[in-house]
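*Asks:* Quick one: this structure, given as structure tokens, is what I'll be asking you about.
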Amino acid sequence: MTKRSRARGAQGITTLGIIILGAAILLYFFKPDLFAQLTGQSVAPTPARQISTSPTNTGSQSIQVFFTTPKFPDNAADHSGGVDVHLTDFINTAQTSLEMAIYQFDLADATQALLDAKQRGVTIRVATDIDTLEDDHENPAFLKLKQAGIPIIGGNRDGIMHNKFIVVDSKAVWMGTWNFTDNDTYRYNNVGLLIQSPELARNYTAEFEKMFVDKNFGNRKQPRAVQHELTIDGLHVENYFAPADDATSAIVARLKQAKTSIHFLAFSFTKDTIGQAVLDRAQAGVEVRGVFENTGSDTSFSEFGRMKRAGLDVLQDGNPYLMHHKIFIIDGQTVIVGSFNFSDNAQNQNDENLIIVDSPALAQTFEAEFLRVYAIAQNPPNK
């Protein structure tokens, strides 16, 4: 063999070595389990991701709360490490089953987490609003799921399928005001709750199956057994699904019991019976403070004008985008929260859910969010 041949051979070996080394490095960082299997070496766990939004202390091991934290002015570079990280982590815990009912969905990481769950054998079912599913601007993430064989049903042409929940392995529920979108995560004020409770999970699965199995949405749903009152980690919880359940009456009943304070954050507040309950308690000496989303609050339909004229401490929000909350805090002890806007449509046409939780610690958590949003409403930033 000539020196040139040997040199070419050595060059080939060197090139091959570089390729093998590069492949090993890629396996180590991106497929650590496969690297360990092929080499017999242990791999240190990947460091935890830095998450800017942490769950707040609720005084309960079974309930975690995640508030979005919009920044003003909005910057696309800040669109990472938010509530969506926690949702993705929750999806990644699924081992057997996952039901998702969501109005809007475009989060890339959550989409990939669902695809990964399908790959590892999790049974996944999805329900959404029919208009969302048929809108080319709204449906790309749903289409990716469908292409992977994940069944999706869309419904409610009379109203909107407005739920925002996931049930994992029949034992845990994610719910709240938050749609699973980039805007809802980084521009809008929202909250997501992760609740460990097989009993609550049964309720949400029963509601899901009215849509997915029975193919009934809105006011066409047939009754299914729901445990409206339950105990989670020692806390009294009520759970309602509109329109089948009279969620409005449940809210009014709690407001009528208010003794010291009613604080609220409302994206849409047009329901007169709920507004009247607030006004009645204010006349009885209960402190009332509230923040309305700007959009629509100046119309004759909104309760904002009526409350303002009555001298109540109510403001229009300062978020240049949307204040999307639907929250009541009563006497610093009770929290009402869910997808349910305080409106006729929420009660009579849409697919909605809410919970009522008696917990001073949880109420304190929501009170801190109320005060933050209220302060921004007093001094709005520029868009």
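The values are calculated or read from the model by the stated rules, or taken from the named source; none is laboratory data. Just so we're clear, the structure is a prediction, and the values are computed from it rather than from any experiment. Surface areas here come from the heavy atoms of the whole protein model, side chains and all, with no ligands, DNA or RNA. Shrake-Rupley method; radii C 1.70, N 1.55, O 1.52, S 1.80 Å.
*Asks:* Once the whole set of protein chains is in place, how much accessible area is left on His79, using a 1.4 Å probe, in Å² to the nearest 10?
*Replies:* Number for this one is 40 Å².
*Asks:* Follow-up question, since we're still on this one. Give me the base-10 log of I(q)/I(0) for region 235-383 at each q in 0.19 Å⁻¹, Debye formula, one uniform scatterer per Cα, rounded to two decimals.
*Replies:* Reported log10 I(q)/I(0), two decimals: -1.18.
*Asks:* Taking region 58-144, how much of its Cα-Cα pair set, in percent, is spaced more than 16 angstrom apart?
*Replies:* Roughly 63 percent, once rounded to a whole number.
*Asks:* A further question follows. Need one value: the accessible area of Arg125 in square angstrom, 1.4 angstrom probe, rounded to the nearest 10.
*Replies:* Solvent-accessible area, nearest 10 Å²: 40 Å².
*Asks:* How many percent of DSSP beta bridges within the chain run antiparallel, rounded to 5?
*Replies:* In the chain, approximately 65 percent of DSSP beta bridges are antiparallel ones.
*Asks:* Output needed for region 120-234: three equivalent-ellipsoid semi-axes, defined as square roots of 5 times the C-alpha gyration tensor eigenvalues, in descending order, whole Å.
*Replies:* 23, 18, 15
*Asks:* Ok, one more. Rank these residues by their accessible area, most exposed first, probe 1.4 Å: Glu229, Glu369.
*Replies:* Glu229, Glu369
*Asks:* Here is a follow-up. What number do you get for region 183-258 when its Cα radius of gyration is normalised by 2.2 N^0.38 Å, N = residues?
*Replies:* Taking N as the residue count of region 183-258, the ratio is 1.28.
*Asks:* Just read off the accessible area of Lys308 with the full protein assembly in place, 1.4 Å probe, to the nearest 10 Å².
*Replies:* 100 Å²
*Asks:* Of the residues Thr93, Thr365, Thr69, which exhibits the maximal mean-square fluctuation in a Gaussian network model of the chain defined by a 10 Å Cα contact cut-off?
*Replies:* Most flexible of the set in this elastic network: Thr93.
*Asks:* I'd like to check one number: the per residue accessible area of the chain, probe 1.4 Å, reported in Å² as a whole number.
*Replies:* For the chain, the per-residue accessible area is 46 Å².
*Asks:* Starting from the coordinates of the alpha-carbon atoms of region 267-317, obtain the Kirkwood hydrodynamic radius over all distinct pairs and give the value in Å to one decimal.
*Replies:* Across region 267-317, the inverse of the average 1/r is 10.8 Å.
*Asks:* Please turn the phi angles of region 89-99 into ³J(HN,Hα) values with the Karplus equation 6.51 cos²θ - 1.76 cosθ + 1.60 (θ = phi - 60°), one per residue in order, whole Hz, x for glycine and proline.
*Replies:* 4, 5, 4, 5, 7, 4, 10, 10, 8, 8, 10
*Asks:* What percent of all Cα-Cα pairs in the chain falls into each 10 Å bin, going from 0 up to the bin containing the maximum distance?
*Replies:* 5, 22, 30, 22, 9, 5, 3, 2, 1, 0, 0
*Asks:* Shifting gears a bit: Report, in deg cm²/dmol and to the nearest 500, the calculated mean residue ellipticity at 222 nm for the chain, where each DSSP H run with n ≥ 4 adds -39500 (n - 2.57) and the sum is divided by the residue count.
*Replies:* Only helices count here, giving -11500 deg cm²/dmol.
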